[in-house]
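The values are calculated or read from the model by the stated rules, or taken from the named source; none is laboratory data. What you see is a predicted model; the values in this text were computed from it and never measured. Note that each Cβ is placed from the backbone with ideal geometry, even for glycine, and that neighbours are counted across all protein chains shown. Ligands, DNA and RNA are stripped out before the accessible areas are found, and what is left, the full protein with its side chains, is counted by its heavy atoms. Shrake-Rupley method; radii C 1.70, N 1.55, O 1.52, S 1.80 Å.
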Amino acid sequence: MQFDKDIFISYAHIDDESLIADKKGWIAEFHRALEIRLGQLMGTKPIIWRDPALHGNHIFDKEIVDQFSKVAIMISILTPRYVKSEWCMKEVNEFQEICQQNIGFIVKNKARVFKVIKTPIAIDMHPDGIRNILGYEFYGADPNTNRIKEFSPVFSHTEKGYWEKLDDLANDICVFLDELKAVNTPVAGKPVQAENNKKVKNIYLAESSSDTNEQRDNLKRELQDHGYNILPYGQLSLVAKELKDNVNQFMNDSQLSIHLVGNNYGIVPEGSEKSIFEIQNEMGASKSLSDRLPRLIWVPEYIDPSDERQKTFLQKLNSGSKETIAGADLIKGSIEDFKSVVHDKLKSMEVVPAAPVAAQQEEDGRKMVYIICDAQDMDIITGLEDFLFANGIEVVLPIFEGDETLIREDHIENLKNCTAVIIFYGNGNEIWLRTKMRDFMKINGYGRTKPLAFKGVYMAAPANPSKQRFRTLEAEVINGMEQLPENELKNLLSKL
């Protein structure tokens, strides 16, 4: 069947009344902006319908309901007035019933109602039929007062949040409308399927605590732009048993699971003492052990939780507890660094490995040490380089000239294929060293399949107090500030 209209906007009419005379109301502006953005994404103007004429005292209009069979999607704009309106509740229920009479209310695991939450409302007040559907929150906490502020499209500090949420909504609707067309456009007796030759199609992006919402939304948006489906589709249940059933189903359909750790512990569902985030992480670990589901866990570089439960969870992560870390690469750093790791991981999962370089080296007895150094140190690493070569070690150095993308790809390939890594800390500064040290925490996320024989930090001249007090649990520190420490290096080489 064909739909005459793409979208019906269901709303309480008091929510479209403008506080400023002669200005469009929030709903009218939302309608206008969504129509333009969705049209840009679709390449054709969408047909979006709402009834601007009705008022709160009008009786429920059967003519509106009769149009629902011709509508692909409903957008339900939730506010305190909306959930108290018998009219609005009836619109949602009638649309759901009519959907069941054509292609169904749930299509491709997605509901045909998109829930826009204009004003915060307790979840148990949401209409029954869409309670567990993921909502698009058009509000946020004021950083100065912590008071909830509705997003506005113009002239306010919430403007950026408004347009980001609207863009998320428009992108998701655009994808879903295409999927609905595929269901309803038979070719040779079969529905058209969107072509996707990727090995990784579905990514489970775990729901997290509120302080990581912005990072999660940005990552979700970026992955969707690269053609990946992001699960879970809907809002997870707040009842533990139902939540676990939901998560299990979504993880079964996923090829990668991603978890973002924040300062807050998050919501604890009914029937559990653990947060939704911790439950998802434990189920991901279990799925990694049973089905080898790859996982990535991000922890911000500077994290200081106040909740004792979150402190305990982080201790489990850092200690390598099987129930929390199994099957996962733990990456600590900025969210932008983490995004790079995610894309590198996805890239490595798409490639069918032939014979790994590292494996070939082991077969013919060759060992390779990658020396990471600053460009200023290329002339002073010769002593270390010559010593390693004299002991039968193949030495690989970074490249510094050429396209930045190719330089980065070469760096990652060296980390993936070398037998061991030494960071040569000479003329580089502390920020440079920290950046290179983070690569030790990301290395598995780059697609490396075997642990490094050793990780070393070589302290070279010029000497300074920072180098003299440097210590780390991530690597072995080699003091070469005064002379080449041959005995220390030989002990390290014995690990090869």
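Keeping to the range 346-359, report how many residues are open to solvent by less than 30 Å² (accessible area, probe 1.4 Å) and modelled with pLDDT of 50 or more.
Step one: of the range 346-359, the residues open to solvent by less than 30 Å² (accessible area, probe 1.4 Å) are 346, 358.
Retained after the next criterion (residues that are modelled with pLDDT of 50 or more): 346.
So the answer is 1.
Considering only the range 306-337, state which residues are more than 20 Å from V247 (Cα to Cα) and open to solvent by less than 10 Å² (accessible area, probe 1.4 Å).
Q310, L317, I331, G333 - these are the residues of the range 306-337 that are more than 20 Å from V247 (Cα to Cα) and open to solvent by less than 10 Å² (accessible area, probe 1.4 Å).
Just to be sure I understand the filter: pairs with C-beta atoms under 7 Å, separated by 6 or more residues or on different chains, first member in the range 37-48 and free of Cβ contacts under 8 Å to residues at least 40 places away in the same chain, second member open to solvent by 70 Å² or more (accessible area, probe 1.4 Å) and not in a strand (DSSP E or B). Which pairs pass?
These pairs meet every condition: G39/K45.
Take the residues in the range 59-111 that are surrounded by 17 or more Cβ atoms within 10 Å (Cβ to Cβ) and small (G, A, S), then tell me which one is nearest to the chain's Cα centre (by Cα).
A111
Within the set of pairs 6 or more residues apart or between chains, which connect a residue that is farther than 13 Å from V396 by Cα and of a type outside the set (D, E, K, R) inside the range 354-381 to a residue that is modelled with pLDDT under 95 and open to solvent by 60 Å² or more (accessible area, probe 1.4 Å) with Cβ atoms less than 6 Å apart?
Close Cβ pairs satisfying both conditions: A375/F400; Q376/N427.
Let's see how each residue does on (1) at pLDDT 90 or above; (2) over 18 Å from the mean Cα position of the chain (by Cα); (3) not in a helix (DSSP H, G or I):
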residue	(1), (2), (3)
F114	yes, yes, yes
L177	yes, yes, no
I203	yes, no, yes
E214	no, no, no
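Identify the residue in the range 376-420 that is among the charged types (D, E, K, R) and assigned to a loop (DSSP other than H, G, I, E, B) and, among all such residues, is farthest from Y458 (Cα to Cα). Walk me through it before giving the result.
Step one: of the range 376-420, the residues among the charged types (D, E, K, R) are 377, 379, 385-386, 394, 401, 403-404, 408-410, 413, 416.
Those left that are additionally assigned to a loop (DSSP other than H, G, I, E, B): 379, 401, 403.
Numbers: D379: 15, E401: 24, D403: 28 Å.
For the range 376-420, the residue satisfying everything is D403.
Only one of these conditions is not met by L492: (1) surrounded by fewer than 15 Cβ atoms within 10 Å (Cβ to Cβ); (2) over 17 Å from M437 (Cα atoms). Which number is it?
Answer for L492: the failing condition is (1).
Kindly provide the set of residues from the range 391-445 that are open to solvent by 30 Å² or more (accessible area, probe 1.4 Å), under 22 Å from K367 (Cα atoms), at pLDDT below 90 and among the charged types (D, E, K, R), ordered by number.
Within the range 391-445, E409, D410, E413, K416, K436 qualify.
Give the residue that is surrounded by the most Cβ atoms within 10 Å (Cβ to Cβ), with candidates limited to residues of the range 239-297 that are closer than 23 Å to Q310 by Cα, of a type in the set (A, V, I, L, M) and over 18 Å from the mean Cα position of the chain (by Cα).
L243
With respect to L34, is the statement that it is open to solvent by less than 50 Å² (accessible area, probe 1.4 Å), under 13 Å from I173 (Cα atoms), touching a Pro at 6+ places or on another chain (Cβ under 6 Å) and modelled with pLDDT of 90 or more true?
no
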